[in-house]
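Peer 1: Mind looking over this structure? Questions follow.
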Amino acid sequence: MKKIRYIIYAAGLLLVLTTAVSLKYGESAVSWAALGNIFNEPDTLPSLVILELRLPRTIAAILAGAALAAAGVILQKLLDNDLASPEILGISGGAGCAGLLLLFFAPGYAAMLNAAAFAGAVIAAALICLIAWKRALSPARLILSGVAISAIFSACGGTLLLFNSDSLSRVMEFSLGGFSGRTMEEIYSSLPFFITAFILTAMLPRKLDILSLGGETALALGVSPGRNRLLAVTAAALAAATAVSLSGLLGFVGLMAPHIAGRLLNSRRADILLLMSVLAGAQLTLTADILSRILFAPRELPCGLLLSAAGALFFLLLLARQPEEV
């Protein structure tokens, strides 16, 4: 247990250092001295760049990555399937499609993006469960249903792009995923949703461990399978939807972070896996955002493209290591 504690401390320290790097580097780097004086000299150009541009996108990257990672852990534990994630199951796709519909047809209500994304995530989760249900919800049917639903939402998003080219710039940014242009006002409006999602998630670790033992065992231990599965799906949908509303469609974070955390800790206990996965997810998105700014400066690459490329390779490696039917 001491080794696990040290690993978590190291991950937290790495995230703090990466946060400092994110604030310092971009299209133009600022000095460490200027970074240390941002609150003492808030009206200088370096301080304005950090406070108005880099700080909001850094916070957004950390929150979105942490939320997607938490959703990934919940779904993988709930379904007992290492390939489950909000992206692959179509939950993120549903949230994204609802967000696109709002941006296209009611751009004046952009402040309701969180609510729209959550509604889309819930609809996607309900559709997946309905399609997958055949006497019971098997993990394999859920995964396959999720892939199909995700493809449908992708097709809907492509159709919206085709027939609404006048809104192409904003929607393409949302579709590719990234944190450019995030503001503190957007983060403040998203905070209640993030806090609610993390509170629900914090209630789940013991229940997830018990549910993984099977429905009858869970009942014997005083845990209602139906009620707690509904709570788990709600928490995962809210976490994924809130992340999507802030970052757009980021791929594979919810898949990669739990696996990285599990490999580092060599443990599948839900409480420590959730904590480490949240740190790993935040680290993934923040690192991708930094690279997206500096690799092709002064041009910026949407960090969603970097995460999708890395996640696709990661997914193929997982499939190659699956000797049995998923």
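Nothing in this text is a laboratory measurement; each read-out follows from the coordinates by a stated rule. What you are looking at is a predicted structure, and each value in this text was computed from that prediction instead of being measured. All Cβ positions, even for glycine, are placed from backbone atoms using ideal geometry, and neighbour counts span all protein chains on display.
Peer 1: Residue farthest toward the positive end of the dipole of the stretch 2-302, with Cβ of Lys/Arg at +1 and Asp/Glu at -1: which of G96, L208, L142?
Peer 2: L208
Peer 1: What FRET efficiency would be calculated for the residue pair L291, L221, taking the C-beta separation as r and a Förster radius of 35 Å, to the nearest 0.05?
Peer 2: It comes to 0.20.
Peer 1: Using mean projected area of the Cα convex hull in nm² as the read-out, say which of (1) 17.9; (2) 20.2; (3) 16.2 was calculated from these coordinates.
Peer 2: Here the calculated entry is (1).
Peer 1: Trypsin sites (Lys or Arg not before Pro) within the stretch 190-242: which are DSSP loop residues with at most 10 other Cβ atoms inside 10 Å?
Peer 2: none
Peer 1: Something else: Using a 7 Å offset from the Cα along the Cα-to-Cβ direction at both A151 and R268, what is the distance between the two label points in nm, to one decimal?
Peer 2: 2.9
Peer 1: Using Cα positions and a limit of under 13 Å, work out the aspartates and glutamates in reach of K207, with same-chain residues fewer than 8 apart set aside.
Peer 2: D271
Peer 1: Scan the chain and hand back the longest stretch that contains none of the chymotrypsin sites (Phe, Trp or Tyr not before Pro) lying in DSSP loops with at most 12 other Cβ atoms within 10 Å.
Peer 2: Between the exposed loop sites, the longest stretch runs 40-295.
Peer 1: Suppose R0 equals 30 Å. What FRET efficiency, 1/(1 + (r/R0)^6) with r the Cβ-Cβ distance, do I131 and I4 give to the nearest 0.05?
Peer 2: 0.20
Peer 1: Say R0 is 45 Å: what FRET efficiency, to the nearest 0.05, do S31 and A106 get from their beta-carbon distance?
Peer 2: 0.55
Peer 1: Ignoring GluC sites (Glu not before Pro) that are buried or in helix or strand per DSSP, and keeping those with at most 13 other beta carbon atoms within 10 Å, what is the longest stretch of the chain between them?
Peer 2: Here the longest run is 28-323.
Peer 1: Okay, next question. When only Cα pairs under 8 Å and 6 or more residues apart are kept, what is the percent relative contact order across the chain?
Peer 2: 30
Peer 1: Identify, among I50, S28, S224, the residue whose Cα sits farthest towards the positive end of the charge dipole of the chain, taking +1 on the Cβ of Lys and Arg and -1 on the Cβ of Asp and Glu, with the dipole about the Cα centre.
Peer 2: S224
Peer 1: For the chain, what does -39500 (n - 2.57) per DSSP helix run (n ≥ 4), summed and divided by total residues, give at 222 nm, in deg cm²/dmol to the nearest 500?
Peer 2: Taking each H run of at least 4 residues, the total per residue is -24000 deg cm²/dmol.
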